[in-house]
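The values are calculated or read from the model by the stated rules, or taken from the named source; none is laboratory data. Model, not experiment: these values are computed from the prediction. A quick note on method: Cβ atoms are made from the backbone with ideal geometry, for glycine too, and the neighbour counts reach across all protein chains shown.
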Amino acid sequence: MKILKIILFFIIVYLLSVFTTYFSMIDYEDTVSSSCLECSLVRDVFLLPVFSSIVLTFLFFVFKKVLKKRMFISIVIVLLFITFSFLNNYYIFIDRVSAWSSFSLKGEILGVVSDSYLYLIISAAILFMVLMRLNIINTNTVSVRESTQFHE
């Protein structure tokens, strides 16, 4: 069962990362990558989230062992998800847009934020709801509703 939860969490994070990266960077689908002239955006979109999904899955289960508060774990994981997804988008922006022209760091960050803020918010909200709804985070605390059921 534990392996199933790990795989489920990885798949959810990976799919949300792919969604966020693809729809955030869809405007640059026809631009040429500076690091690989024949590589498509779809290739980058499906490869970049693999590393961040592995790291997030590892960190999630470390936090789950160390911390016991479901809300705190969920918030930390969502913030890390936003960070990794933003960095994926930033890499694609630099590779496909910024490398071919002269952008300042501020211009690059503003470009990525303006392209991806909506999809980052949507994906972060979905991830937060999944973490709070699914029984992926098992804490040893008993809720008020569960404790009153035994007294009735």
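Results, tabulated for the structure shown:
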{"quantity": "Evaluation of ILE137 against (1) at pLDDT 85 or above; (2) crowded, with 20+ Cβ neighbours inside 10 Å (one fails), failing number", "calculated": "(1)"}
{"quantity": "Evaluation of LYS64 against (1) of a type in the set (D, E, K, R); (2) surrounded by 14 or more Cβ atoms within 10 Å (Cβ to Cβ); (3) free of Cβ contacts under 8 Å to residues at least 12 places away in the same chain (one fails), failing number", "calculated": "(3)"}
{"quantity": "Residues that are more than 19 Å from ASP115 (Cβ to Cβ) and not in a helix (DSSP H, G or I), drawn from region 40-87", "calculated": "LEU67, LYS68, LYS69"}
{"quantity": "Residue ID - nearest to LYS2 (Cα to Cα), chosen from residues in region 28-49 that are modelled with pLDDT of 85 or more and touching a helix residue (DSSP H, G or I) at 6+ places or on another chain (Cβ under 7 Å)", "calculated": "PRO49"}
{"quantity": "Residue match in region 117-131 (condition: part of a helix (DSSP H, G or I), modelled with pLDDT under 90 and not β-branched (Val, Ile, Thr))", "calculated": "yes"}
{"quantity": "Inter-residue pairs, beta-carbon under 6 Å, first within 15 Å of LEU131 (Cβ to Cβ) and in region 72-96, second crowded, with 20+ Cβ neighbours inside 10 Å and of a type in the set (Val, Ile, Thr), 6+ apart", "calculated": "ILE73/ILE137"}
{"quantity": "Residues located in region 90-104, provided they are assigned to a helix (DSSP H, G or I) and of a type in the set (Val, Ile, Thr)", "calculated": "ILE92, ILE94"}
{"quantity": "Qualifying positions in region 1-30 - surrounded by fewer than 16 Cβ atoms within 10 Å (Cβ to Cβ) and in contact (Cβ under 8 Å) with a residue 40 or more places away in the chain", "calculated": "ILE6, LEU8, ASP27"}
{"quantity": "Tally, over region 67-79, of residues that are surrounded by 13 or more Cβ atoms within 10 Å (Cβ to Cβ), closer than 11 Å to LEU127 by Cα and not polar (S, T, N, Q)", "calculated": "3"}
{"quantity": "Unmet criterion (only one of (1) closer than 19 Å to ALA124 by Cα; (2) not in a helix (DSSP H, G or I)) for ASP30", "calculated": "(1)"}
{"quantity": "Filter result (of a type in the set (Lys, Arg) and surrounded by 14 or more Cβ atoms within 10 Å (Cβ to Cβ)) within region 80-110", "calculated": "ARG96"}
{"quantity": "Flag for SER101 being of a type in the set (Ser, Thr, Tyr), touching a Leu at 6+ places or on another chain (Cβ under 9 Å) and more than 21 Å from LEU4 (Cβ to Cβ)", "calculated": "no"}
